[in-house]
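**Student:** Quick one: the structure is below, questions incoming.
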């Protein structure tokens, strides 16, 4: 077996990045505790196994990523990123505590979850692009950026491995509401890390000038870049119809394998094993390549297909590992490619478009996938996910063929 390359953790040589990773990891664990608790609350306590309700919660939570695009990218490019992160993180922590209090008190209703999902998603819409571009301020140079992006994903997905398992134990032991309270408290860690950063060692990105039409300028920039357009098409297909795992996993766990909260949490953690592996593989690469997007999309389609035909619980868990590796290959590679090939002053708007396209399609895809799961079964819903992976692979083939033709005629 090949030993890990010397550059796997190279971005950790920056003090600011080390401090950020620790705080973000604690907060990410809390985030996954809440996501698991929220899915379980909606599916088993506020409805009778209604996958469409889970899909609507996802639509409300991720819809703002697209609806607020004209403002979120411009905010990331123009405002002080550290102060903006403090505001968004504090807001999301307060919302988690409020929903937790309602749930622990026993008065939570489904419409409460809908409202909090939308409010949380609105705060996250401003948070996501700045979190991604802020990494460039924490590392010593662009040569560390790809590695930092990959380690960020490793941290997020290591938390994804721990959080759902913790959530399952918490739900079984003391109740669903405590999952939200744990998440609310976890935001303290990232706020402390932001306070302890060495301001003198930050490497501020070039800031965009305050002017009207900033969002339109970002659209024009992406429209003139065929490579970025191809990446966004792939992200839209997989993000809209493929990355609906709260629906896939919860409905398979409850309706097909008839597991309890612990079994549901274990399945979510199984997928996280794959996403952590995918993130670490990404950290070893010196630079991202478009061909990796094609490979990731194909493997994603295969993984969803295997999950759809899984004859048993552990086969399904294994298929989730494969799917997790592929999903992280696609998301990490697209993140690094778009950041490294974009002008620094445009990064916030371009990354907001990336997040908006990848997650903003959820209001379309999640209700459709939930409806398919309700009417035809969870296995057919996974078939929709598989189709999205293969469709994204076809888009990548066309993009690579177009690039080859341009090189041949140049």
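**Student:** For residue 27, are the conditions met, namely being assigned to a helix (DSSP H, G or I), surrounded by 16 or more Cβ atoms within 10 Å (Cβ to Cβ) and over 20 Å from the mean Cα position of the chain (by Cα)?
**Tutor:** No: the conditions fail for residue 27.
**Student:** Looking at 389, 356, which is the one that is modelled with pLDDT under 80 and either part of a helix (DSSP H, G or I) or under 24 Å from residue 309 (Cα atoms) (or both)?
**Tutor:** On inspection, the qualifying residue turns out to be 356.
**Student:** Within segment 311-327, track down each residue that is touching a helix residue (DSSP H, G or I) at 6+ places or on another chain (Cβ under 6 Å) and without any contact (Cβ under 8 Å) to a residue 40 or more places away in the chain.
**Tutor:** 319 - this is the single residue of segment 311-327 that is touching a helix residue (DSSP H, G or I) at 6+ places or on another chain (Cβ under 6 Å) and without any contact (Cβ under 8 Å) to a residue 40 or more places away in the chain.
**Student:** Within segment 216-260, take every residue that is in contact with a helix residue (DSSP H, G or I) (Cβ under 8 Å, 6 or more places away or on another chain) and part of a loop (DSSP other than H, G, I, E, B) and give me the one that is surrounded by the fewest Cβ atoms within 10 Å (Cβ to Cβ).
**Tutor:** Top of the filtered list is 260.
**Student:** Would you call residue 295 without any contact (Cβ under 8 Å) to a residue 60 or more places away in the chain and either over 19 Å from the mean Cα position of the chain (by Cα) or more than 30 Å from residue 262 (Cβ to Cβ) (or both)?
**Tutor:** Yes, satisfied.
**Student:** Kindly indicate whether residue 184 is closer than 30 Å to residue 47 by Cα, under 25 Å from the mean Cα position of the chain (by Cα) and modelled with pLDDT of 95 or more.
**Tutor:** In short, yes.
**Student:** Which residue out of 330, 384, 350 is in contact (Cβ under 8 Å) with a residue 60 or more places away in the chain, surrounded by fewer than 23 Cβ atoms within 10 Å (Cβ to Cβ) and assigned to a helix (DSSP H, G or I)?
**Tutor:** Criteria check complete, one pass: 384.
**Student:** Residues in segment 182-205 that are surrounded by fewer than 19 Cβ atoms within 10 Å (Cβ to Cβ) and within 24 Å of residue 109 (Cα to Cα): how many?
**Tutor:** 1
**Student:** Filter segment 305-316 down to the residues that are surrounded by fewer than 21 Cβ atoms within 10 Å (Cβ to Cβ) and assigned to a helix (DSSP H, G or I) and list them by number.
**Tutor:** Within segment 305-316, 305, 306, 313, 314, 315 meet the criteria.
**Student:** Quick check on my filter: what residues within segment 168-181 are in contact (Cβ under 8 Å) with a residue 40 or more places away in the chain and either outside any helix (DSSP H, G or I) or surrounded by fewer than 21 Cβ atoms within 10 Å (Cβ to Cβ) (or both)?
**Tutor:** 169, 172, 175, 176, 178
**Student:** A follow-up question, please. Looking at (1) part of a helix (DSSP H, G or I); (2) at positive phi, which is the one condition that is false for residue 146?
**Tutor:** If we test residue 146 against (1) part of a helix (DSSP H, G or I); (2) at positive phi, just (2) comes out false.
The values are calculated or read from the model by the stated rules, or taken from the named source; none is laboratory data. Everything numeric here is computed off the predicted structure, so don't read it as measured data. FYI the Cβ positions are ideal-geometry reconstructions off the backbone, even for glycines, and counts take in every protein chain you see.
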